[in-house]
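The values are calculated or read from the model by the stated rules, or taken from the named source; none is laboratory data. As the structure is a computational prediction, the values presented were derived from the model and not from experiment. Note that each Cβ is placed from the backbone with ideal geometry, even for glycine, and that neighbours are counted across all protein chains shown. For accessibility, only protein heavy atoms count, side chains too; no ligands or nucleic acids. Shrake-Rupley method; radii C 1.70, N 1.55, O 1.52, S 1.80 Å.
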Amino acid sequence: MRDTSPMALAQVAEYFKVLSEVSRLQVLSCLRSGPKNVMEIVEATGLGQANVSKHLKMLMNSGMVSRHPQGVSVFYKVSDPAIFNLCEIVCDRISNRLLTQANQIETLKMPDQAQIQ
């Protein structure tokens, strides 16, 4: 990223901005198992239809999701499954950080062995 132009970095920032919304992450997670229509996404996520449609539009505009008509329905799917690799990396980093913090708290709670003896 050292030699990346500010214009390119702005696009990277926009990409991450799309991923910064919990509802959009829910929609992406729902689509991980395969294409779904809006109602299937609504049922799986518990989000409202208007909300799902709004987030699908943003995901499509960013190129993360594509739509495919099938009969009277429109199905949405993840355009680039590599997005899940990115999400897994972030989730692993957060998990590791939380485990480290929990271990630090446990260490602070433990009585000093020298004082016990």
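Regarding the chain, what's the average projected area of the Cα-atom convex hull, expressed in nm²? Each step should come with its number before you reach the end.
On the way: hull surface 47.5 nm².
Quarter of the Cα hull surface area: 11.9 nm².
GNM remark for the chain: springs join alpha carbons under 10 Å apart, and the peak mean-square fluctuation among Gln26, Gln11, Gln101 falls on Gln101. The phi torsions of the stretch 68-81, fed into the Karplus equation with coefficients 6.51, -1.76 and 1.60 and a -60° offset, translate into couplings of 9, x, 9, x, 8, 9, 10, 10, 10, 9, 6, 6, 10, x Hz, rounded to whole numbers, with Gly and Pro shown as x. The helix-based estimate of mean residue ellipticity at 222 nm for the chain, built from -39,500 (n - 2.57) per DSSP H run of four or more residues and divided by its residue count, is -20500 deg cm²/dmol to the nearest 500. Comparing Ile83, Ile105, Ile41 in a Gaussian network model of the chain, where Cα atoms under 10 Å apart are tied by springs, the biggest mean-square fluctuation is seen for Ile105. Roughly what angle does helix 6-18 make with the longest principal axis of the chain, taking Cα atoms, 0 to 90 degrees, to the nearest 10? So the helix axis and the longest Cα principal axis differ by about 90 degrees. Amide hydrogen proximity for Phe75: with H placed 1.01 Å from N in the peptide plane, the residues at 5 or more positions away or on another chain lying under 5 Å are His68, Gln70. Between 0 and 90 degrees, rounded to the nearest ten: what's the tilt of helix 22-31 against the longest Cα principal axis of the chain? Long axis of 22-31 versus the principal axis of the chain: about 70 degrees. Result for the chain in a Gaussian network model with C-alpha springs under 10 Å: among Val72, Val18, Val52, the largest mean-square fluctuation is at Val72. Electrostatic tally near Met64: other residues with Cβ closer than 14 Å to its Cβ, Lys and Arg +1, Asp and Glu -1, net +3.
Could you tell me what percent of the accessible area of the chain is made up of carbon and sulfur, with a 1.4 Å probe and every protein chain present? Walk me through the numbers before you get to the answer.
Values: 4830 of 8520 Å².
Here it works out to 57 percent.
In the chain, excluding the sites themselves, the longest stretch lacking any of the trypsin sites (Lys or Arg not before Pro) that are in a DSSP loop with at most 15 other Cβ atoms within 10 Å is 33-117. Ordering Phe75, Thr100, Thr4 by Cα displacement along the dipole of the chain toward the positive end leaves Phe75 in first place; charges were set at the Cβ atoms of Lys, Arg (+1) and Asp, Glu (-1).
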